[in-house]
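A.B. asks: This is the structure, below, for whatever I ask next.
The values are calculated or read from the model by the stated rules, or taken from the named source; none is laboratory data. Please read these numbers as outputs of a predicted model, since none were measured by experiment. Here Cβ is always computed from backbone atoms with ideal geometry, including for glycine, and neighbour counts include all displayed protein chains. Side chains are part of the model used for accessible areas, which takes the heavy atoms of the whole protein and leaves out ligands, DNA and RNA. Shrake-Rupley method; radii C 1.70, N 1.55, O 1.52, S 1.80 Å.
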2 protein chains.
Amino acid sequence: MQLIISIDAMGGDYGPSVTVPAALQVIKKHANLKLILVGDSNVLNAKINELIADSPNASQDKERLIVHHASEVVAMDESPAKALRLKKDSSMRVTINLVKEGKAHACVSAGNTGALMATAHFVLKTLPGVDRPAIISTLPTTNPQKEVRMLDLGANVDSEAKHLYQFAVMGSVLTQAIDNIEKPKVGLLNIGSEDIKGNELVKQTTQLLTEAAANNTINYIGYVEGDDIFKGDVDVVVCDGFIGNVALKTMEGLVKTIAHYAKQAFTRNIFTKIIAVIASPVLRNIAKQLDPGRRNGATLIGLQGTVVKSHGGANQAAFAYAIEEAISEAAHNIPQKIRDRVGKVLL
Amino acid sequence: MQLIISIDAMGGDYGPSVTVPAALQVIKKHANLKLILVGDSNVLNAKINELIADSPNASQDKERLIVHHASEVVAMDESPAKALRLKKDSSMRVTINLVKEGKAHACVSAGNTGALMATAHFVLKTLPGVDRPAIISTLPTTNPQKEVRMLDLGANVDSEAKHLYQFAVMGSVLTQAIDNIEKPKVGLLNIGSEDIKGNELVKQTTQLLTEAAANNTINYIGYVEGDDIFKGDVDVVVCDGFIGNVALKTMEGLVKTIAHYAKQAFTRNIFTKIIAVIASPVLRNIAKQLDPGRRNGATLIGLQGTVVKSHGGANQAAFAYAIEEAISEAAHNIPQKIRDRVGKVLL
C-alpha cells in the first residue's frame, strides 16, 4: 500500500527551508511513500528544483513529491480563533483537510500549536467515545532501548477523570501498535508525599483505571511520580494537560540550563576549550542519547485522523523524525485502532 | 543575639552520622550559634565525643552543642498519622516542640516528609490569615548569581486561588528578607498554548494577583511557563502543590537520567575513561553550578515557626546547607515578617 502524508510546508520557524529538505530526506528512504507539500507552490517548486537538481533519482523522487498550493500561512503568533475563522486556505488548514478528505493518511505541521490544535479538532473531530483529543509524545529513559510515552502534554486543561481514562486507553493502543508491546504498562502521574495520596482528580481517575485493569482493558500499574517517568518501568504516563505541559516545559528549561553551564564551563579559557575538543566525542554521545530532535513529533491523539506536531524550531533532521512518526502512525492505522478499542471499552 | 536551632539528629537516611558532623561544621562558622541536637542522647554524645576529641576548640564548640534526649524515632516510611498519634517523644516531634516552646528559633529535619509536614502543622499551627502552609525551595537559573524560589512544592493539593495568593505573599516576604530584593518579581506558573490561557485555578488566581499588584502588595509580573523558571527573570514562582511537586520530581529524574548517560559515555572504554579524567575539572565545575546539595533545605512556610526540611538522602555538606537555611530564616525572623505582612494584606 502506498502511504500518503501531507505536510504543512510553510509551518515552523524556518518554513520550506527545513520542511522541503526534510521531506526529500524521508522520501528517499521509503519507496512506497508519497508526500504532499502544502503551501505557496512557487516557493515550494523552486525549493524542490534547487534541491534535487543534482540528485541521480531526481525525476523518480519528484514524482512522489506533490506540491499542493495553499495561498495563506498561519503566523507563529497568530491567535487560533483568527487562524480558524479567517485563514481557510492556509497551508495548515489545507494540510489537515487532505487527511479529512481521505487524500492523505496522516499529516505533519510545525506551525503554531494553538492554531494547529484548534484547526485539527475543528476539521477532523474526535473519534466516537473520545471527548477530548490529547497530545502524546515520547520521552527518554535511563534504558537507551526504551522510551516512555506521556499524555496529555497540553491539549486540554481541567480534565476530568473520564478524560484521563480515555487518555489511558488511547495511549495504550498507540504504544501497543507502534512499540509492539502487548500490554503496555500504564501509570498515573501522582505525587508521593505520604499523607496526601494525590489530588481529587487522581483519586477519581484511580478508581476508573483500577476497574479498567480488573477488566483487562488496560494494564494499569499504579502511580508514577515525576522522577519515575525516566526509569523505564512504565510505557505510558497519563496526566492532565496542564501538568503534562508544565512537566515538559520544565524538562526543556532544565536541559537548556545544564547545556548553558556546560558551554560556559567548556569555553572558560584556552585549557577548557582544549578539554572540550578532547571530550567532544563523549559529549556528542551523551547529547545523542538525550537529543530531543530524535523525539520530535508529538501526536494529537483521539481525532478522526493523525496529526503530528513538530517543534516549531525543528531543524531538518528533527522535522524528518516528525514525518517518520506520521508514517509510523499511518502505517499502523492508529486512529482506526483507537476507534475499534474505544468502541469496545468506552461506548 | 544568640540564635538557637534545633535539629532532628535522628532523621534522614543516615541519621547522626550525617547530622552531627554537619552540626559541628556549621557551629564552627557561627560564634553566636547554639545547636540543639535532638535524639538518643547516648548515641549523640558518643558521636560528638568521637568527632571533637582532637579539635582545638573542642570544649568551646561542645558548649554550644546541646544534646536533648528523645526516646523515639520516626521511620522514613512511617505513616504520618501514626507518627503524629503514637510517637510523641520522637526526635522529630521534640525538635519541633522546641520551636513551639520558644526554646529554638528554627528547626531542621531530614526525616519523613509526610510526618514532618503533619507534625509541624499540628504543633506549630499556621499564621493568622494563612490557611495552608506551603513548601518553598530555591532552584538554579542560567544566571549563576541568581536563584529562584518556587512554592508550593507539595505541602497541599487542590489549592484554591486564595491559597495561591497567600503563597505569593509569603514567597515574596521570604525572598525580600533573605535575598534582600526590594520588590521580588512574582510569577504564576502557567502553560502557554495560545488558545488555552491557563486552567480555572490560574484564571481565578490571576485576578487576585493582578489586584494585589495594583495595590502594590506584591510585584506580580504575570505568567511563567515551565521553561521560564530557569531564566532568572523571576524571583518567586507560585503554583499548586501537586504541580510544583511533579515539576520538582521531574527535574530530579531528568538530572539523574542525564548523569546516568554521562557516566555511561565516560566509562565506555579506556579512552573515554582517560577523557573523563582530563575533563573532570570542567565536569566538576558544571556539577557545582547545578549541585542540588547547595540548595538543600526546603522551608515549610506559613507556620508559626520555621521548619526546614532537608532531603532525606542529604550528605554532610547538604545537611549543613539546610542548617544554614534555618539560621538565615531565623536571623531574618521570617515567620514574624510573614505575620506582619499577612496581617496587613490578608486579614
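A.B. asks: Sort region A:41-157 into rounded, prolate or oblate with this rule: let a ≥ b ≥ c be the square roots of the eigenvalues of the Cα gyration tensor; rounded if a/c is under 1.5, and if a/c is not under 1.5, prolate when a/b is larger than b/c, oblate otherwise.
C.D. replies: The shape class here is oblate.
A.B. asks: Kindly rank A:59-67, A:156-164 from highest to lowest mean number of other beta carbons found within 10 Å of each residue. Mind dumping the intermediate values first?
C.D. replies: Numbers: A:59-67: 16.1, A:156-164: 20.1.
So the peptides A:59-67, A:156-164, ranked by packing, come out A:156-164, A:59-67.
A.B. asks: Cut-off 10 angstrom, C-alpha nodes, Gaussian network model of chain B. Which of B:THR206, B:THR250, B:THR175 fluctuates the most?
C.D. replies: B:THR250
A.B. asks: Name the residue farthest towards the positive end of the dipole of the protein assembly as shown from the options A:GLY111, B:VAL238, A:PHE122, assuming +1 on Cβ of Lys and Arg, -1 on Cβ of Asp and Glu, about the Cα centre.
C.D. replies: Of the listed residues, the answer is A:GLY111.
A.B. asks: By the gyration tensor of its Cα atoms, with a ≥ b ≥ c the square roots of the eigenvalues, what is the shape of region B:119-163: rounded for a/c under 1.5, prolate for a/b over b/c, or oblate?
C.D. replies: Taking the square roots of the gyration eigenvalues as a ≥ b ≥ c, region B:119-163 is prolate.
A.B. asks: Between copies, how close do the A:PRO144 label points come, placed 7 Å along Cα→Cβ, listed in nm from shortest?
C.D. replies: Shortest to longest, the spacings are 3.1 nm.
A.B. asks: A further question follows. Over chain B, what relative contact order in percent results from Cα pairs under 8 Å that are six or more residues apart?
C.D. replies: For chain B, the relative contact order is 23 percent.
A.B. asks: Provide the per-residue ³J(HN,Hα) series for region B:9-16, in order, calculated from phi with Karplus coefficients 6.51, -1.76, 1.60 and θ = phi - 60°, each as a whole number of Hz, with x at glycine and proline positions.
C.D. replies: 6, 9, x, x, 5, 10, x, x
A.B. asks: Keeping to pairs on different chains or 8 or more places apart, tell me how many lysine pairs in region A:40-169 have Cα atoms under 23 Å apart.
C.D. replies: So the count of such lysine pairs works out to 13.
A.B. asks: Based on DSSP, what percent of beta bridges with both residues in region A:1-158 are antiparallel, to the nearest 5? Kindly include the intermediate steps, with their values, before the conclusion.
C.D. replies: Details: 5 of 20 bridges.
Roughly 25 percent of the beta bridges in region A:1-158 run antiparallel, per DSSP.
A.B. asks: Kindly sort A:LYS273, A:LYS146 by accessible area of their heavy atoms, largest first, with the probe set to 1.4 Å.
C.D. replies: Ranking A:LYS273, A:LYS146 by accessible area, largest first, yields A:LYS273, A:LYS146.
A.B. asks: Could I ask something else about it? Modelling each spin label as a point 7 Å along the Cα-to-Cβ direction, I'd like the A:TYR223/A:GLN207 distance in nm, to one decimal.
C.D. replies: The two pseudo-label positions are separated by 1.7 nm.
A.B. asks: Looking only at the protein assembly as shown, where both bridge partners belong to it, what percent of the DSSP beta bridges are antiparallel (to the nearest 5)?
C.D. replies: Working: 24 of 84 bridges.
Around 30 percent of the beta bridges assigned by DSSP in the protein assembly as shown are antiparallel ones.
A.B. asks: Take the alpha carbon atoms of region A:126-161, find their center, do the same for region B:148-168, and report the distance between the two centers in whole angstrom.
C.D. replies: 26
A.B. asks: Closest approach to the B-A rotation axis by any Cβ of B: residue and distance in angstrom?
C.D. replies: In residue-and-Å form, the answer is B:ALA279, 2.
A.B. asks: Mind listing the long-range amide H neighbours of A:GLY232? Cut-off is under 5 Å, sequence gap 5 or more, other chains count too, H placed in the peptide plane at 1.01 Å from N.
C.D. replies: A:THR142
A.B. asks: Could you tell me whether chain A comes out rounded, prolate or oblate from its Cα gyration tensor? Rule is a ≥ b ≥ c as square roots of the eigenvalues, rounded for a/c under 1.5, then prolate if a/b exceeds b/c, otherwise oblate.
C.D. replies: Note, shape of chain A comes out oblate.
A.B. asks: Tell me the distances, shortest first, between A:ASN216 and the same position across the other copies, using label points 7 Å along Cα→Cβ, in nm to one decimal.
C.D. replies: With the label placed 7 Å along Cα→Cβ, A:ASN216 yields 7.0 nm.
A.B. asks: Treating the beta-carbon of each Lys and Arg as +1 and of each Asp and Glu as -1, no other charges, what is the dipole magnitude of chain B about its Cα centre, to the nearest 20 debye?
C.D. replies: Computed about the Cα centre, the dipole is about 560 debye.
A.B. asks: Within 10 Å of each Cβ of B:283-292, how many other protein chain Cβ atoms are there on average?
C.D. replies: 4
A.B. asks: Shifting gears a bit: Using 31 Å as the Cα-Cα cut-off, could you pick out the over-long pairs in A:LYS34/B:LYS263; B:LYS28/B:LYS344; A:LYS185/B:LYS256? Walk me through the intermediate numbers first.
C.D. replies: Values: A:LYS34/B:LYS263 42 Å; B:LYS28/B:LYS344 39 Å; A:LYS185/B:LYS256 22 Å.
The pairs that break the limit, which is 31 Å between Cα atoms, are A:LYS34/B:LYS263; B:LYS28/B:LYS344.
A.B. asks: What does the structure give for B:68-76 when I average, per residue, the other chain Cβ atoms found within 10 Å of the residue Cβ?
C.D. replies: 0
A.B. asks: Counting partner chain Cβ atoms within 10 Å of every residue's Cβ in B:260-271, what's the average?
C.D. replies: 4
A.B. asks: Let me ask another. Per the helix-only calculation at 222 nm, which mean residue ellipticity applies to the protein assembly as shown, given -39500 (n - 2.57) for every DSSP H run of n ≥ 4 and division by its residues, nearest 500 deg cm²/dmol?
C.D. replies: Values: 24 runs with 338 residues, N = 694.
Calculated at 222 nm, the ellipticity per residue is -15500 deg cm²/dmol.
A.B. asks: Which ³J(HN,Hα) values, rounded to whole Hz and listed in residue order, are derived for region B:80-88 from phi using the Karplus coefficients 6.51, -1.76 and 1.60 in 6.51 cos²θ - 1.76 cosθ + 1.60 with θ = phi - 60°, glycine and proline given as x?
C.D. replies: These are the phi-based 3J(HN,Hα) values: x, 4, 5, 4, 5, 7, 9, 10, 6 Hz.
A.B. asks: Using the alpha-carbon centroid of each, what span in Å lies between region A:177-252 and region A:333-347?
C.D. replies: First find each Cα centre; the distance between them is then 20 Å.
A.B. asks: Between B:ASP13 and A:GLU160, how high is the FRET efficiency from 1/(1 + (r/R0)^6) when r is the Cβ-Cβ distance and R₀ = 30 Å? Nearest 0.05.
C.D. replies: So the FRET efficiency works out to roughly 0.20.
A.B. asks: At what distance in nm do the modelled label points of A:ILE278 and A:ALA46 sit from each other, each positioned 7 Å from its Cα along Cα→Cβ?
C.D. replies: 5.0
A.B. asks: Magnitude of the Cβ-charge dipole of the protein assembly as shown, K/R +1 and D/E -1, about the Cα centre, nearest 20 debye?
C.D. replies: Taking the Cα centre of the protein assembly as shown as origin, the dipole is about 740 debye.
A.B. asks: Quick one: label points 7 angstrom along Cα→Cβ at B:GLU182, distances to the other copies in nm, smallest first?
C.D. replies: The projected label point of B:GLU182 is separated from its counterparts by 6.9 nm.
A.B. asks: Relative to the present Cα-Cα distance, how much length would full extension add between B:MET1 and B:ASP291 at 0.36 nm per residue of separation?
C.D. replies: Net length gain for the segment: 101.2 nm.
A.B. asks: I want the antiparallel fraction of DSSP beta bridges within chain A, as a percent rounded to 5.
C.D. replies: 30
A.B. asks: I'd like the accessible area for B:SER71: 1.4 Å probe, protein heavy atoms, all chains in place, Å² to the nearest 10.
C.D. replies: For B:SER71, the solvent-accessible surface is approximately 80 Å².
A.B. asks: Which residue, B:ALA322, B:ILE52, B:PRO335, has the largest displacement toward the positive end of the dipole of chain B when charges sit on each Cβ (Lys, Arg +1; Asp, Glu -1)?
C.D. replies: B:ILE52
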